[in-house]
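Following: one structure in C-alpha cells, then a few remarks.
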Amino acid sequence: MTTQTPGTGSPLRRRSGRRLIGRAFTFGLVLTTAVVTAGTTAATAAAPAHAIPGTPGSPGGVADLGPGVTVFDPSMPVDQIQATLDAAHTAQVDNEMGAERHAYLFKPGTYGTAEHPLQIKVGYYTEIAGLGASPTDVVINGKVEVYNRCLENNGTGNCLALVNFWRTLSNLSINVNAAGQDGCRQTANFWAVSQAVSMRRLNVTGGTLSLMDYCTAGPQYASGGFIADSRLPSVTNGSQQQWLTRNTEVAGWSNAVWNQVFSGVVGAPDESGFPDPPYTTVENTPVSREKPYLFTDAQGRLNVRVPAARKNTRGVSWADGMTPGRTVPLSDFYVAKPSDSVQVINSQLARGRNLLLTPGVYDIARSIEVKRPDTVVLGLGHATLTASRGATPLDVADVPGVVVAGVTVDAGLQKSPVLLRVGKEHGEHGHRTPVDNPTTLSDVYFRVGGPHVGKTETALEVNSDNVLIDHTWVWRADHGVEGFTDTQRWNTNIGRYGVVVNGDHVTATGLFVEHFQRYNTVWNGEDGTTILYQNELPYDPPTQADWMNGSVEGYAGYKVGDRVKRHNLYGAGVYVFNQNNPQIHTENGFEVPQTPGVRLHHIMTVNLNAGTIDHVVNGVGDAADTTKVGAPQYIADYPAQ
C-alpha cells in the first residue's frame, strides 16, 4: 500500500501518449547577461554585467564564460535580479526541445531579505549555482522552485511535473521565505521535477521541501530526481514515483510511491516495512565522488574544486570544512564555446588542459578525446554535445581519475556506434584503473530523439574498470517535435541499447534508463553495484514480432550477463506502457544469472495501463498487467533470503 499526502491522487505515471511541443580564454571581456526566449527571440531583460577575474596578468583580468552565463553580485538590487530570473523562467518554462542553455551563478553573499525575498523559478536547461567554497557562502532568502507545467492548449487540468527535465541547483543555502506568495505557495519550497534534474551541495533551512507541486491544479504526478551532499529540512515526497537521496542529512521524510532509495543518508527512513512503504536504505555509500563545482577564491578568481573519491561514506562532504579534493585554477581549463571546433578542443586537451564547456549546443563530427589521467570535463548550463556524421561525441581513454560532469550527449541524424565510451573494448584481462581514483560521470545525460531525429546503437558504453556513474538519465525519447507517430518513431529514432557495462567494479548511484529497443541496461562486468535503477520499457514496438529476443518475448529492463558471478542491485523498478500495441508481452522485468553472488534487493515491476510484464525476475513474481494498473509487483530479495 502506498502512503501519500492527502489528496495527491494516484501515483500512476502518465507522461506517455502526449505530444509535447514543447576555445581558449578570451580576456578583457566582461560577463554579460543574455536571457533568451524559447526559439530564437532575443532577450528583453538584462541585469548589469559583473566581471569574474581571470588569471593574474591577463588583459583586463576577466574570463569570458559566454553569453549563456549570468553572474550576480550581492550588491545588485533584488528587483533587478528578480526581473532577470523571471524573464529567464518565462523564456524557458515551455522550451522543452529548444536549443537555449543558461547558467545563473551567484557570487558569495546574501540575496533577498525577510521583507523582500528572492523567489526563483527554474525552467528547462537552466543551472542555478553558488560560487562559494561552501554552500553556506551564498544565501538565498526566498525560494528556488519548479512548479507543475500546464501543457499548451490542454487547460489547467493537464498540469503535471512528468516532463520537468534538465535543471540543476547546487552549492548554496536557501532560507525558505514565502513572503508575498499566496496561501498554498507559503507551505513549502516546491521542487516538482522528473529525470535529468539534480540538487547538490544545498543547505535548506526555515521551511519544508516538497518534491511535488500540490498547488497548481491540485496534486499531480512527478517522476524522479536526485539529491546529493545536502542538508535538508523535512521533505515531502508526495507523488514522486522514484527518487535517490545520497550522502545527505534530512530532518524527516514523508510519503513514498514506488522506489525511494537512500544511500549514506543521516535521518533516512527505515526500510524494514518494505514494501509498505517502499523505502530502500543503504547505510553507507560504497563509492562516491561529489561533482566538481566552480568557486571564487579570496582574490575573487574562479577555480574548480574537484572532490576526491571516497569509500563507505555517510552524510555531507562539507561538514568539517571544504570538501576533500583538489583545487584547479580556471587558467588550467580550456573555456570552450559552441563555435569551437573539435580539433581545437582536442589540441587543448592534448596540451594538458582541462575542458569547461560553456552553455550551448555543440555539433560534434568527430570524437572529443580525453586521454590524460585526472582530466576534468565540466559543462555549465546543460552544455550539449550533439553527434554529427555518426560520430561518438565523447571518448574517454582507459586512464584513472577522469571526471565528466554536467554534460548532455545527443544522438544525431546518422547512426553513431555509441554516444559516450569509457575505455576501449573490454579484453580478456580487462582494463584495470586504480580503485581509489575512479573515472566518474556526474549528471551526464543522454538523449536519442526529441528535438530532432536521433540514431545510435548504444548510448553509454563503459569498458574501463572502477568507473563511478553518479546520476545519469539515458533516454530514447518517447515524445518530441519530430512529428512522428509512435510507429514511425520505432523505425526512425534508433536506440538499441541504453547502458552497456563491460568493466569490472563499476558502481552506479542513480541510473535512469528508458525506452531503448533491446536491453535498456546490460551489465557484463564483475562486482558491479547499482543503487537505484529506474526504467521504462519502450512505448512504441509496433508488434510482438518487433519485440522478441530470439524465442523470448521482449527484453528485460535490466540484464546481468550470463557469466557474471557477483553483482548487487538496490532499489529498482521496470515499468511497462506499450501504448503502440497494448497486447505486447515482456517475459521478465529483470534477467540475471542464478548464482548466490548476484543479489537484487527491493525490485519491482508496474503496469502503466498497456502491455504486460509476465514476471518480475527470472520467471518469479506475478504479472504486471492491465488488471493491476499502477499496482507494483514487488520482490524484496532475489534470490530469496
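Key figures for this structure:
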read-out	value
Complete set of residues in segment 239-273 that are among the aromatic types (Phe, Trp, Tyr) and at pLDDT 95 or above	243, 253, 262
Every residue from segment 198-211 that is over 17 Å from the mean Cα position of the chain (by Cα) and either over 27 Å from residue 305 (Cβ atoms) or outside any loop (DSSP other than H, G, I, E, B) (or both)	203, 204, 205, 207, 208, 209, 210
Test: residue in segment 370-377 that is within 13 Å of residue 345 (Cβ to Cβ), of a type in the set (A, V, I, L, M) and either touching a helix residue (DSSP H, G or I) at 6+ places or on another chain (Cβ under 7 Å) or surrounded by fewer than 23 Cβ atoms within 10 Å (Cβ to Cβ) (or both)	yes
Residue identified as at pLDDT 95 or above, more than 17 Å from residue 360 (Cβ to Cβ) and polar (S, T, N, Q) among 70, 84, 55, 44	84
Selection status of residue 209, modelled with pLDDT of 95 or more, closer than 16 Å to residue 120 by Cβ and touching a helix residue (DSSP H, G or I) at 6+ places or on another chain (Cβ under 7 Å)	no
Failed item, numbered, when residue 599 is tested on (1) under 20 Å from residue 512 (Cα atoms); (2) surrounded by fewer than 17 Cβ atoms within 10 Å (Cβ to Cβ); (3) of a type outside the set (Asp, Glu); (4) out of contact with any Pro (no Cβ under 8 Å at 6 or more places or on another chain)	(4)
Strands (runs of 3 or more DSSP E) lying entirely in segment 522-632 (those with 2 or more residues that are closer than 29 Å to residue 226 by Cα and small (Gly, Ala, Ser))	567-576
Enumeration of residues in segment 378-412 that are surrounded by 23 or more Cβ atoms within 10 Å (Cβ to Cβ) and among the acidic types (Asp, Glu)	410
Tally of residues being under 18 Å from the mean Cα position of the chain (by Cα) and not in a loop (DSSP other than H, G, I, E, B) across segment 463-498	10
Some residue of segment 166-173 being of a type outside the set (Gly, Ala, Ser), in a loop (DSSP other than H, G, I, E, B) and out of contact with any Leu (no Cβ under 8 Å at 6 or more places or on another chain)	yes
Residue 319 vs. criteria crowded, with 22+ Cβ neighbours inside 10 Å, assigned to a loop (DSSP other than H, G, I, E, B) and over 20 Å from the mean Cα position of the chain (by Cα)	no
Residue list for segment 424-439, restricted to those being within 11 Å of residue 506 (Cβ to Cβ) and at pLDDT 90 or above	438, 439
Total residues in segment 110-134, condition of a type in the set (Phe, Trp, Tyr) and under 23 Å from the mean Cα position of the chain (by Cα)	2
Any hit, segment 233-247, residues being assigned to a loop (DSSP other than H, G, I, E, B), under 27 Å from residue 528 (Cα atoms), over 17 Å from the mean Cα position of the chain (by Cα) and not basic (Lys, Arg)	no
Check on residue 150, in contact with a Cys (Cβ under 9 Å, 6 or more places away or on another chain) and within 28 Å of residue 68 (Cα to Cα)	yes
Answer residue from segment 391-416, given it is among the small types (Gly, Ala, Ser) and part of a strand (DSSP E or B) and is farthest from residue 442 (Cα to Cα) among those	416
Hey, residue 535 modelled with pLDDT of 95 or more, under 25 Å from residue 278 (Cβ atoms) and among the polar types (S, T, N, Q) or not	yes
Positions within segment 550-580 being over 22 Å from the mean Cα position of the chain (by Cα) and either among the small types (Gly, Ala, Ser) or at pLDDT below 95 (or both), in sequence order	550, 551, 554, 556, 561, 579, 580
Leading residue by the ranking (nearest to residue 517 (Cα to Cα)) among those in segment 543-596 that are crowded, with 16+ Cβ neighbours inside 10 Å and of a type in the set (Ser, Thr, Tyr)	555
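Every residue, every condition in (1) within 28 Å of residue 274 (Cα to Cα); (2) out of contact with any Pro (no Cβ under 8 Å at 6 or more places or on another chain); (3) surrounded by 24 or more Cβ atoms within 10 Å (Cβ to Cβ), yes or no:
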position	(1), (2), (3)
174	no, yes, yes
183	no, yes, no
203	no, no, no
243	yes, yes, yes
262	yes, no, yes
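The values are calculated or read from the model by the stated rules, or taken from the named source; none is laboratory data. Bear in mind that the values here come from a model prediction, so they are computed numbers and not experimental data. Ideal geometry is used to build each Cβ from the backbone, glycine not excepted, and the neighbour counts take in all protein chains shown.
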